[in-house]
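**Q** Have a look at this one before I ask anything.
The values are calculated or read from the model by the stated rules, or taken from the named source; none is laboratory data. None of the values given here were measured: they were computed from a predicted structure. Every residue, glycine among them, receives a Cβ derived from its backbone with ideal geometry; neighbour counts consider all protein chains shown.
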Amino acid sequence: MKILLIGQGGREHALAWRLRKSDLVEHIYVAPGNGGTLREPKVENIDISALDFPALIQFAKENDITYTLVGPEVPLVHGIVDAFKQAGLLILGPDKYAAQLEGSKSFSKEFMNKYHIPTAKSQSFSDLTQAKKYLTTQTYPVVIKADGLAAGKGVVIAQTEAEALYTLENFLEKDTLGESGHLVIIEEFIAGEEASFIILSDGENMIAFPSSQDHKARDDGDLGPNTGGMGAYAPAPIITEERHQEVLKRVMQPVLDGMKKEGHPYVGFLYAGLMIDNHNQIKVLEFNCRFGDPETQAIMMLVKFDFADLCLQAIKGNLKSTTPEFKSLCALTVVLAAHGYPNHPEIHKKISGLNIALQKGERIFHASTQLKEGETLSTGGRVLCVTTVGESVKIAHAKAYQLIKKIQFDGMFYRSDIGYKAIIRE
Ligand code: AMP
Ligand code: GLY
């Protein structure tokens, strides 16, 4: 098989690594990839943007690509799956309609309400006066969400009415998020513990990946500004076997049934961002129409089966006969970030230590790097993801932080407590 993988982050490096381990895979092209994907055997970067659908389609046709796999949400929300299918090409992911589960929070909330999927109470507004009026009926904190994609900047947990008003004005009037903020959702705040839950569906059947937990805050103890994710581990002990079954039955199955009814069977990865509230109730905070980043980096370490074949079976609608097995181990990934992240990361820093010998169960996935004249340079805020496995989260945690000591770049920082909630439970 020849696979075209779209994207350029840590998630895509982890996916490329897992795909290339398949004996069925001859070659993987990553568009555009990064300094980590190009180091992998059988993997090659190609200089085509993830949003240049005509060029990607032409490349897939000319290079006899067996199927295309999409990492990030933006091409999915813009309809890459519809475009590839129209061109007669195989691709794994939801179509443009189904990708609205991530692309439009108001669509997602309406869908959840229609199909009785547990979620926080909310209302949508495009009119500032009406939104302000609704605020007077709310208690604090309250959550304000921009409807469209906003690269992690579209959710504000307002602690006071003043902060809520300021956010509404920014989104609806001052246009700080452009089109994405022209519709807002005002949502009840749910206290509890979060977990990520990802499945792969062929439109009818699904397989579940181990649950995971992301660390969105920049600093230790979940303090500081929100980021794209500073680390993750899998599985998440808060998702007990009983809760796992509940998520499949009350969240994932209704999405598959609902999308089928809407005439758009959900094919591809589906990620539910869950909150387990203080009454032990599961609520969906968001859906993503793709794999999580950095959750993928941890989860791919636990895969025991042929991942490239699994993706092909999903495209062909053959998941019913598949029972993929995962390692009964724990995986953990720590993001090494650049000074200034998340707002103004410093880039073009030379990275040392990348040639160290790795043991089994240790990987360094690149998130934002490039290879230039023999040196690996940073190109963004999240630079590397140091990923390890162990018999417990505590062991994986110890291994990851040992490995980090060998890597260095100017301004590098990371959280030192990735996995702490699981370690306390262990
Ligand atoms: P979302 O993009 O909807 O997942 O929101 C980003 C983050 O905001 C989530 O990971 C949560 O930490 C937080 N969040 C979103 N919605 C709520 C809510 N209703 N209650 C509490 N926290 C929330
Ligand atoms: N880790 C959160 C996300 O991928 O959206």
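**Q** Surrounded by 15 or more Cβ atoms within 10 Å (Cβ to Cβ) and among the small types (Gly, Ala, Ser): is that true of Ala357 in this structure? Give the steps one after another, and end with the answer.
**A** Numbers: surrounded by 15 or more Cβ atoms within 10 Å (Cβ to Cβ): no; among the small types (Gly, Ala, Ser): yes.
When the stated conditions are applied, Ala357 does not pass them.
**Q** Out of all the residues in the range 405-425, which are of a type in the set (S, T, N, Q) and under 21 Å from Pro225 (Cβ atoms)? Outline the logic, then answer.
**A** Of all residues in the range 405-425, those of a type in the set (S, T, N, Q) come to 408, 416.
Ser416, the sole residue that qualifies.
**Q** Another one. With respect to Ser196, is the statement that it is away from ligand 2 (no atom under 16 Å from the Cβ), under 24 Å from Ser106 (Cβ atoms), outside any helix (DSSP H, G or I) and within 18 Å of the chain's Cα centre (by Cα) true? Steps first, answer last, please.
**A** Values: away from ligand 2 (no atom under 16 Å from the Cβ): no; under 24 Å from Ser106 (Cβ atoms): yes; outside any helix (DSSP H, G or I): yes; within 18 Å of the chain's Cα centre (by Cα): yes.
When the stated conditions are applied, Ser196 does not pass them.
**Q** Kindly provide the set of residues from the range 172-191 that are modelled with pLDDT under 95 and assigned to a loop (DSSP other than H, G, I, E, B), ordered by number.
**A** Passing the criteria: Lys174, Asp175, Thr176, Leu177, His182.
**Q** Output the residue which, of all residues in the range 101-145 that are within 16 Å of ligand 2 (Cβ to nearest atom) and out of contact with any Ser or Thr (no Cβ under 9 Å at 6 or more places or on another chain), is farthest from Asn288 (Cα to Cα).
**A** The residue in question is Ser104.
**Q** Also, quick follow-up: Looking only at residues that are farther than 20 Å from Leu336 by Cβ and more than 10 Å from ligand 2 (Cβ to nearest atom) in the range 288-305, which one is surrounded by the most Cβ atoms within 10 Å (Cβ to Cβ)? Let's see the steps before the verdict.
**A** Filtering the range 288-305 for residues farther than 20 Å from Leu336 by Cβ gives 288-291, 302-305.
Keeping just the survivors that are more than 10 Å from ligand 2 (Cβ to nearest atom) gives 289, 302-305.
On the way: Cys289: 25, Leu302: 19, Val303: 19, Lys304: 10, Phe305: 14.
The selected residue is Cys289.
**Q** Could you list, ordered by first residue, the pairs with Cβ atoms under 6 Å in which the first is in the range 190-202 and free of Cβ contacts under 8 Å to residues at least 40 places away in the same chain and the second is within 10 Å of ligand 1 (Cβ to nearest atom) and outside any strand (DSSP E or B), at least 6 apart or interchain?
**A** That search, which allows pairs on different chains as well, returns nothing.
**Q** Within the range 366-419, count every residue that is part of a loop (DSSP other than H, G, I, E, B) and crowded, with 24+ Cβ neighbours inside 10 Å.
**A** Step one: of the range 366-419, the residues part of a loop (DSSP other than H, G, I, E, B) are 367-368, 373-374, 379-381, 391-392, 405-407, 409-412, 414-419.
Subset that is crowded, with 24+ Cβ neighbours inside 10 Å: 367, 418-419.
Within the range 366-419, residues that are part of a loop (DSSP other than H, G, I, E, B) and crowded, with 24+ Cβ neighbours inside 10 Å number 3.
**Q** Next question, about the same structure. Of Leu256, Leu248, which residue is farther than 19 Å from Arg425 by Cβ, more than 15 Å from ligand 2 (Cβ to nearest atom) and under 19 Å from the mean Cα position of the chain (by Cα)? I'd like the intermediate steps shown before the answer.
**A** Values: Leu256 fails: under 19 Å from the mean Cα position of the chain (by Cα).
Exactly one residue qualifies, and that residue is Leu248.
**Q** Just give me the residues in the range 130-180 being of a type in the set (S, T, N, Q), closer than 23 Å to Val77 by Cα and in contact (Cβ under 8 Å) with a residue 12 or more places away in the chain, in sequence order.
**A** Taking the range 130-180 first, the residues of a type in the set (S, T, N, Q) are 130, 136-139, 159-160, 167, 170, 176, 180.
Right, trim to closer than 23 Å to Val77 by Cα and you get 176, 180.
Scanning the range 130-180 gives a single hit, Ser180.
**Q** Can I ask one more? Mind checking which residues of the range 254-274 are assigned to a strand (DSSP E or B) and buried (at least 21 other Cβ atoms within 10 Å of the Cβ)?
**A** Scanning the range 254-274 gives Val267, Gly268, Phe269, Leu270, Tyr271, Ala272, Leu274.
**Q** Name the residue that is surrounded by the most Cβ atoms within 10 Å (Cβ to Cβ), counting only residues in the range 192-245 that are of a type in the set (S, T, N, Q) and at pLDDT below 95. Please lay out each step first, then the result.
**A** Restricting attention to the range 192-245, the residues satisfying the condition of being of a type in the set (S, T, N, Q) are 196, 201, 205, 211-213, 226-227, 240, 245.
Filter once more, so that each one left must be at pLDDT below 95: 226-227.
Working: Asn226: 15, Thr227: 21.
Going through the qualifying residues, I end up with Thr227.
**Q** Looking only at the range 137-162, which residues are under 14 Å from Lys109 (Cβ atoms) and acidic (Asp, Glu)?
**A** Result: Asp147, single match.
**Q** Let me ask something else. Among residues belonging to the range 95-149 that are closer than 21 Å to Glu179 by Cβ and of a type in the set (Val, Ile, Thr), point out the one that is farthest from the chain's Cα centre (by Cα).
**A** Among residues in the range 95-149 that are closer than 21 Å to Glu179 by Cβ and of a type in the set (Val, Ile, Thr), the one farthest from the chain's Cα centre (by Cα) is Thr129.
**Q** Okay, moving on. Can you give me the number of residues within the range 66-96 that are assigned to a helix (DSSP H, G or I) and in contact with a Ser or Thr (Cβ under 7 Å, 6 or more places away or on another chain)? Show your work before the answer.
**A** Residues of the range 66-96 that are assigned to a helix (DSSP H, G or I), as a first pass: 73-77, 80-86.
From what is left, the residues that are in contact with a Ser or Thr (Cβ under 7 Å, 6 or more places away or on another chain) are 84.
Result for the range 66-96: 1.
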